[in-house]
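Trainee: Okay, here's the structure, questions in a sec.
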Amino acid sequence: MAPTQVHHHRSTTKVSQKPYKSKHASKSALKEQAKGKVETERGSRKTPHQQLKSKLDRRNQARQRQQLKHQEKAQATSVFTGQNGAPRHVAIVPLSANVDAVAAIQALNESVDITSEVPAEGPHRVRVDRFRQSLNYITSKFDLVNALDVCRMADFVVLVLSAEVDVEEEGELLLRSIESQGISNVVTMVQGLDQVNPAKKRPQVASSLKSFINHFFPTVEKVMSLDSRQECSNAIRSLCTATPKGIRWRDERSWMFIENVQWPNASSEVVDDVIITGVVRGKGLKADRIAHIPGWGDFQIDSITAAPLATTKNKRDDAMNVDATDATQTLEVPSADQDDMAIVAPEEIEMVDDDVVSMADTERKGVLLDDHHYFSDDDAHIPSKPKRLPKGTSEYQSAWYLDDVSDSGSDLVDEDDDEDMEMDVTGAPEDGFFADKEDAMTEGGPSEYPQSEMFLDPSPEDEAQELEEYRMSRRNEAEEDLEFPDEIELHPNVLARERLIRFRGLKNMKISPWETSEDRPYEPEDWRRLLQFGDYKGTKNRILREALVGGVNPGIRVDVHLRAVPASLRHKAQPFSLFSLLRHEHKHTVVNINLTLSSSVEQPLKSKEEVIVQIGARRMVVNPVFSASDNTPNNVHKYDRFLHPGRSAMATWIGPMTWGAVPVLVFKTKQAEEDPEILDSADAKQEPLAMDRLELIGTGTVVAPDPKRVVAKRAILTGHPYKIHKKVVTVRYMFFNSEDVQWFKALQLWTRRGRSGYVKESLGTHGYFKATFDAKINPQDSIGISLYKRVFPRRARALEELA
């Protein structure tokens, strides 16, 4: 018998033809190969630096770059040139308590044959004839605040280490702080290296100190010894010839180191014509802008006059310029464009964008959900029950079906089986996001009960005992998993609609609109008179460009005459610096800071807890409000009760405006060791601010202010599924009276496992209610509703007012 023939099909029906060999492609083939692209010259270079240049052009371009670099360096160091040029500010910062800063300055001076006496405190100006430069030594104490003030003014920071004592925690705190606020060129020196015995250990000590300092400043190449005359001379050479890189936020403004303060002979409480002497640095100093003196406050400038140093001239020049030296030269006076001292807009200027007056409390019958008040006698907020319709039924045809067509049949589909629209933002069920709409698996079978069963209220004793047992189990679960950080518990005798009168509902926290008219009664004072910007970025660029031109040129020694200075400041220590604020920087706005709490902090920082912040030249005492730093379409951000170590959040308060990305330092007073008996007593009082016990707990950066940014505090009310019948659930322990159920009836219910539903009807008088969910729920699941309340920031207080 012949073998069975098996028919085989070829693997594919596509026939691969032999390609047509040709040297030249046809026009149609080239067009198909280009696929609509416009043909350009092969190898064309788009940008100028990609263009092929001849050798002469490349040489010319290199020469132009070199000239531009020399010009920038000459411009940066032009304020230091000449006999009367500005001195280079050199900060001497000890990093240990046994470091002698005066001896360090003496060793540096002796290396270049300068024998002048060094004062114990205050600035010390010397002229280095070898390099034709002037140096102004500013001695810092072994103190955090004093070191920050000194380094803020310095062109060069000389860190003095000890060869005998290691840098302790206080020295490391000082290093982290001056690095975070911004620092210019750093020179590191060690004191007492020659006293290390045996001598062969000295290179090892210097290497160890270099390794330590490189952890903070990796660019430091060598730790020089103050005991070596040669290395001190090299340090002086670096201080006199190097170009200081400066601090960006400082050099965007005009500033000066205060050399002298002259008070007039006046006995009034407010004194005019207080003279501040110094050399202008940074940008040009303008009389129209407000001057900020750290430790004193903000003041208007009355005039700016020249104050040149006394120079030795020959008698002929003195005889010819007698009149010229007697007359004071006025360099700048205020114009009509001078900034005023008002911190908010006038009362006549009011924002009239939302004059909508909300409904009176007596007319409300339900909680505010998005921008509507839903009423308890209206079931419009409950979604309609989906109908079972034949496949292919249009929306118009479905309106003609009163009830389900049939209870069975494969040709029937649910009316609401449309695909859900995908959203770009994400969130949890408590935020209004429900990713999975499928039926949830149930570990235990649902308790079936007839829907017509009569509901009976339990006895008060049994209900109180069951409530306490349920809440005790919820507390243990929250402590272990921290699943509901915003959950609140209501007392059975407290009305939820009165306790949560300021709260509202949102269908979706990141998308739903926020009705601002409801917040009008709770706004802080002068909220609508704070500084606002339609185009923050454009306004910032315009103001920074405005500071580039005009004013008294940098490098000129001037006398700044101030107006309205309180006479009580006469007895304070002389301040270090004066900053000329940019336009509008005296006015108050809603300040936003992108804040990061240090991971070394042991305890989380509570929102509205008092801290001390340094923003550029200012120091303030603030109670920041923390919120999520995300970008949402509706500009609503969740309020954070705590900022945990190592995490970031947006810190908000009401304070002076600051332009640009200025670094922010956050300090907190160290807790002293207290007696437990005093700690537990009711008479314990809050201690005043101690500036000598500050601890750096976080750093941040200023971001754009936004008064329309809503910080929403979320409160979650949770309930327990008492009975489950398919998708209908009886819920208890969320409310404790039927009136609260009717008030919050419009809000969407959610579960921890992602189910969503709505209140169907109230049961009894103890707050039980029946709810309908989109799928079967788990008996171990928790049911909740999310409520939101706007939290307004608090006003900052200047440290000068509290000192």
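The values are calculated or read from the model by the stated rules, or taken from the named source; none is laboratory data. Every value quoted in this text rests on a predicted model; they were computed, and no experiment measured them. Positions of Cβ are backbone-derived with ideal geometry, glycine not excepted, and every protein chain shown enters the neighbour counts.
Trainee: Every residue in region 148-181 that is in contact with a strand residue (DSSP E or B) (Cβ under 8 Å, 6 or more places away or on another chain) and without any contact (Cβ under 8 Å) to a residue 24 or more places away in the chain, please.
Mentor: none
Trainee: Further, regarding this structure: Between a residue in region 570-582 that is in contact (Cβ under 8 Å) with a residue 60 or more places away in the chain and under 24 Å from residue 545 (Cβ atoms) and any residue that is aliphatic (A, V, I, L, M) and in a strand (DSSP E or B), which pairs come within a Cβ distance under 6 Å, given they are 6 or more apart or on different chains?
Mentor: Hits for this filter: 578/256; 578/258; 578/276; 578/291; 578/293; 580/285; 580/291.
Trainee: Checking residue 222 against (1) closer than 27 Å to residue 669 by Cα; (2) surrounded by fewer than 17 Cβ atoms within 10 Å (Cβ to Cβ); (3) basic (Lys, Arg), which test does it fail?
Mentor: The single condition residue 222 does not satisfy is (1).
Trainee: With touching a strand residue (DSSP E or B) at 6+ places or on another chain (Cβ under 8 Å) and more than 28 Å from residue 256 (Cα to Cα) as the only criterion, which of 98, 84 stands out?
Mentor: Only one candidate passes the filter, namely 98.
Trainee: Can you find a residue that is among the basic types (Lys, Arg), surrounded by fewer than 19 Cβ atoms within 10 Å (Cβ to Cβ) and at pLDDT 85 or above anywhere in region 733-748?
Mentor: No, every residue in region 733-748 fails to be among the basic types (Lys, Arg), surrounded by fewer than 19 Cβ atoms within 10 Å (Cβ to Cβ) and at pLDDT 85 or above.
Trainee: Does at least one position in region 753-772 carry a residue that is part of a loop (DSSP other than H, G, I, E, B) and within 30 Å of residue 592 (Cα to Cα)?
Mentor: no
Trainee: Can you tell me which residue is surrounded by the most Cβ atoms within 10 Å (Cβ to Cβ) among those in region 777-795 that are in contact with a Lys or Arg (Cβ under 9 Å, 6 or more places away or on another chain) and within 30 Å of residue 668 (Cβ to Cβ)?
Mentor: Only one residue tops the list, namely 788.
Trainee: Within 27 Å of residue 653 (Cα to Cα) and surrounded by 13 or more Cβ atoms within 10 Å (Cβ to Cβ): does that describe residue 497?
Mentor: no
Trainee: Could we say that residue 200 is surrounded by 13 or more Cβ atoms within 10 Å (Cβ to Cβ) and either more than 30 Å from residue 89 (Cβ to Cβ) or assigned by TED's automatic domain parsing to the domain that holds residue 103 (or both) here?
Mentor: Criteria not met by residue 200.
Trainee: Which of the residues spanning region 330-350 are β-branched (Val, Ile, Thr) and either under 20 Å from residue 297 (Cα atoms) or at pLDDT below 85 (or both)?
Mentor: Of everything in region 330-350, those that are β-branched (Val, Ile, Thr) and either under 20 Å from residue 297 (Cα atoms) or at pLDDT below 85 (or both) turn out to be 343, 344, 349.
Trainee: Is one or more of the residues making up region 549-560 exposed (fewer than 13 other Cβ atoms within 10 Å of the Cβ) and either part of a loop (DSSP other than H, G, I, E, B) or not assigned by TED's automatic domain parsing to the domain that holds residue 268 (or both)?
Mentor: yes
Trainee: Considering only region 785-802, I want to know if a residue exists there that is closer than 21 Å to residue 499 by Cβ, touching a Ser or Thr at 6+ places or on another chain (Cβ under 6 Å) and either part of a loop (DSSP other than H, G, I, E, B) or aliphatic (A, V, I, L, M) (or both).
Mentor: No, region 785-802 contains no residue that is closer than 21 Å to residue 499 by Cβ, touching a Ser or Thr at 6+ places or on another chain (Cβ under 6 Å) and either part of a loop (DSSP other than H, G, I, E, B) or aliphatic (A, V, I, L, M) (or both).
Trainee: Consider region 566-583. How many of its residues are crowded, with 17+ Cβ neighbours inside 10 Å and either assigned by TED's automatic domain parsing to the domain that holds residue 89 or outside any strand (DSSP E or B) (or both)?
Mentor: 5
Trainee: Taking region 273-305 as the search range and keeping residues that are over 28 Å from the mean Cα position of the chain (by Cα) and not in a strand (DSSP E or B), which one is nearest to residue 155 (Cα to Cα)?
Mentor: Filtering first and then ranking leaves 284.
Trainee: Still on this structure: Write out, first by first residue and then by second, each pair whose Cβ atoms fall under 7 Å of each other, whose residues are 6+ apart or on separate chains, and whose first residue, in region 627-645, is free of Cβ contacts under 8 Å to residues at least 40 places away in the same chain while the second is of a type in the set (D, E, K, R).
Mentor: Short answer, once both residue conditions are applied: 628/638; 628/640; 642/606.
Trainee: Looking only at region 92-129, how many residues end up being farther than 29 Å from residue 614 by Cα, touching a helix residue (DSSP H, G or I) at 6+ places or on another chain (Cβ under 8 Å) and touching a residue at least 60 places away in the same chain (Cβ under 8 Å)?
Mentor: 6
Trainee: In region 712-735, what count of residues is obtained for those that are part of a loop (DSSP other than H, G, I, E, B), hydrophobic (A, V, I, L, M, F, W, C) and touching a Leu at 6+ places or on another chain (Cβ under 7 Å)?
Mentor: Total satisfying the criteria: 1.
Trainee: When both residues are 6+ apart or on different chains and their Cβ atoms are under 7 Å apart, which pairs have a first residue that lies in region 698-716 and is in contact (Cβ under 8 Å) with a residue 40 or more places away in the chain, and a second that is of a type in the set (Asp, Glu)?
Mentor: Pairs found: 714/486; 715/486; 716/430; 716/486; 716/487.
Trainee: Name the residues in region 598-637 that are among the charged types (D, E, K, R) and on the phi > 0 side of the Ramachandran plot, would you?
Mentor: 608
Trainee: OK, next. What tally of residues in region 164-193 results from selecting those that are farther than 24 Å from residue 617 by Cα and of a type in the set (Val, Ile, Thr)?
Mentor: Total meeting the criteria: 4.
Trainee: Any residue in region 206-224 that's assigned by TED's automatic domain parsing to the domain that holds residue 175: show its pairings with residues that are of a type in the set (Gly, Ala, Ser) and part of a loop (DSSP other than H, G, I, E, B) at Cβ separation under 9 Å, as long as the two are six or more apart or on different chains.
Mentor: Correct list of pairs: 206/163; 209/163.
Trainee: Please report, ordered by residue number, the strands (runs of 3 or more DSSP E) entirely within region 94-166 with at least 2 residues that are in the same structural domain as residue 220 (by TED's automatic domain parsing) and farther than 20 Å from residue 206 by Cβ.
Mentor: In region 94-166, the matching strands (runs of 3 or more DSSP E) lie at 123-128, 133-139.
Trainee: Further question on the same structure: If I ask for residues that are crowded, with 22+ Cβ neighbours inside 10 Å and of a type in the set (S, T, N, Q), which ones from region 749-776 would you list?
Mentor: Of everything in region 749-776, just one residue is crowded, with 22+ Cβ neighbours inside 10 Å and of a type in the set (S, T, N, Q), namely 751.
Trainee: Please give the number of the condition residue 539 fails out of (1) of a type in the set (Val, Ile, Thr); (2) without any contact (Cβ under 8 Å) to a residue 40 or more places away in the chain; (3) closer than 17 Å to residue 785 by Cβ.
Mentor: Result: residue 539 fails condition (3) only.
Trainee: If you don't mind, another one. Any idea which of (1) under 28 Å from the mean Cα position of the chain (by Cα); (2) within 23 Å of residue 141 (Cα to Cα); (3) surrounded by fewer than 19 Cβ atoms within 10 Å (Cβ to Cβ) is the one residue 177 doesn't satisfy?
Mentor: Residue 177 satisfies all of (1) under 28 Å from the mean Cα position of the chain (by Cα); (2) within 23 Å of residue 141 (Cα to Cα); (3) surrounded by fewer than 19 Cβ atoms within 10 Å (Cβ to Cβ) except (3).
Trainee: Then there is this: All but one of (1) closer than 11 Å to residue 596 by Cβ; (2) modelled with pLDDT under 75; (3) among the β-branched types (Val, Ile, Thr) hold for residue 678; which doesn't?
Mentor: (1)
Trainee: I'd like the full set of residues that are under 25 Å from residue 630 (Cα atoms) and either assigned by TED's automatic domain parsing to the domain that holds residue 748 or assigned to a helix (DSSP H, G or I) (or both), limited to region 523-543.
Mentor: 527, 528, 536, 537, 538, 539, 540, 541
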